[in-house]
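Student: Sending over a structure as structure tokens; questions will come in a sec.
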Amino acid sequence: MCWQCEHPNAKWPDYLDHIRDIIDSSGWAVQGVERFRLHPPWAYTVGLTEAGLPELVATGLSLPRATELLNEVAAHMLHADSPLRPGEQIPLVGGPLIEIVELLEPSAHLYVATEIYGKVISALQLVHADDRGHWPWDVGYRGIRGGQPVLGPRSARSATAA
């Protein structure tokens, strides 16, 4: 059940306090956005900004799978020697191949993060290949209903490598 359903009398500032509590105890929170008609579900991190890192976004995955992916990559980012770079492709152990795409307007998509940190946030999308290795920009990509919206341009680095 969602937090808002469990706290029907709570207000928006109460929810933001709840998210801040999660960030304080875990380092980041994952904000899910349910499927709406043809728009697929998606999720993003809130709190990596405090560590000087970009927030992460995953679209076109179930909320449990998106949360798992975001948590895995966020934990890696906090301990990695080098940052994720747009255009970088990373094969995940037991998971899909992902490509990093930079969001040009993160504040348009990461509402809770923007409420907490302002419009100065940065974000990277973890674009995932389908089970046959096709990307959302490829002919023959098979994703969930509504597809996998890509929220920024592919980097010149990845486009020339393809």
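Where a number appears in this text, it was derived from the coordinates with a stated rule and is not lab data. Keep in mind that this is a model prediction, so the values were computed, not measured. When we count neighbours, we look across all protein chains shown, and the Cβ atoms used for this are built from the backbone with ideal geometry, even at glycine.
Student: What are the ³J(HN,Hα) couplings of the range 110-126, residue after residue, when phi is run through the Karplus curve with 6.51, -1.76, 1.60 and θ = phi - 60°? Round to Hz, x for glycine and proline.
Tutor: 9, 4, 5, 4, 5, 4, 7, 10, x, 7, 7, 5, 10, 8, 10, 9, 9
Student: For the chain, with only Lys/Arg (+1) and Asp/Glu (-1) charged at the beta-carbon, what is the dipole magnitude about the Cα centre, in debye rounded to 20? If you can, show how the numbers build up before the last one.
Tutor: Values: 12 positive and 19 negative charges, 120 e Å.
Approximately 580 debye in magnitude.
Student: Going by Cα centres, the range 92-162 and the range 34-87 are how many Å apart?
Tutor: Centre-to-centre distance over Cα atoms comes out at 9 Å.
Student: Hey, another quick one. Apply the Debye scattering formula to the chain, with a single equal point scatterer on each alpha-carbon and no solvent, then give log10 I(q)/I(0) at q = 0.11, 0.16, 0.17 Å⁻¹.
Tutor: Taken in order of the listed q values, log10 I(q)/I(0) reads -0.44, -0.93, -1.04.
Student: Normalised by the residues of the chain, what does the relative contact order come to in percent, with Cα pairs under 8 Å and at least six apart?
Tutor: The normalised contact order for the chain reaches 21 percent.
Student: For every other residue with a beta carbon closer than 12 angstrom to the beta carbon of residue 141, add +1 if it is Lys or Arg and -1 if Asp or Glu, then tell me the sum.
Tutor: The answer is -1.
Student: How much length would be gained if the chain were fully extended between residue 11 and residue 108, taking 0.36 nm per residue of separation minus their Cα-Cα distance, in nm to one decimal?
Tutor: 32.7 nm is the gain from fully extending residue 11 to residue 108.
Student: Which semi-axes, in whole Å and largest first, does the equivalent ellipsoid of the range 87-162 have when worked out from the alpha carbon gyration tensor as the square roots of 5 times its eigenvalues?
Tutor: 24, 14, 12
Student: Continuing with the same structure: List, in order, the whole-Hz ³J(HN,Hα) value for each residue of the range 43-54 obtained from phi through the Karplus relation with A = 6.51, B = -1.76, C = 1.60 and θ = phi - 60°; use x for Gly and Pro.
Tutor: With coefficients 6.51, -1.76 and 1.60, one gets 8, 8, 7, 9, x, 5, 3, 4, 8, x, 10, x Hz.
Student: For the Cα atoms of the chain, what angle does the longest principal axis make with the long axis of helix 63-79, in degrees from 0 to 90, nearest 10?
Tutor: Helix 63-79 sits roughly 90 degrees off the main axis of the chain.
Student: Enumerate the calculated ³J(HN,Hα) couplings along the range 98-105 in order (Karplus 6.51 cos²θ - 1.76 cosθ + 1.60, θ = phi - 60°), each rounded to whole Hz, writing x wherever the residue is Gly or Pro.
Tutor: 10, 10, 8, 10, 7, 7, 7, 10
Student: Sticking with this one: Considering the chain as a Gaussian network with a 10 Å cut-off on Cα pairs, which listed residue, 26, 107, 122, attains the greatest mean-square fluctuation?
Tutor: Of 26, 107, 122, the most mobile in the Gaussian network model is 26.
Student: Measure nothing fancy, just the Cα-based angle from helix 12-26's long axis to the longest principal axis of the chain, in degrees from 0 to 90, nearest 10.
Tutor: Between helix and principal axis, roughly 70 degrees.
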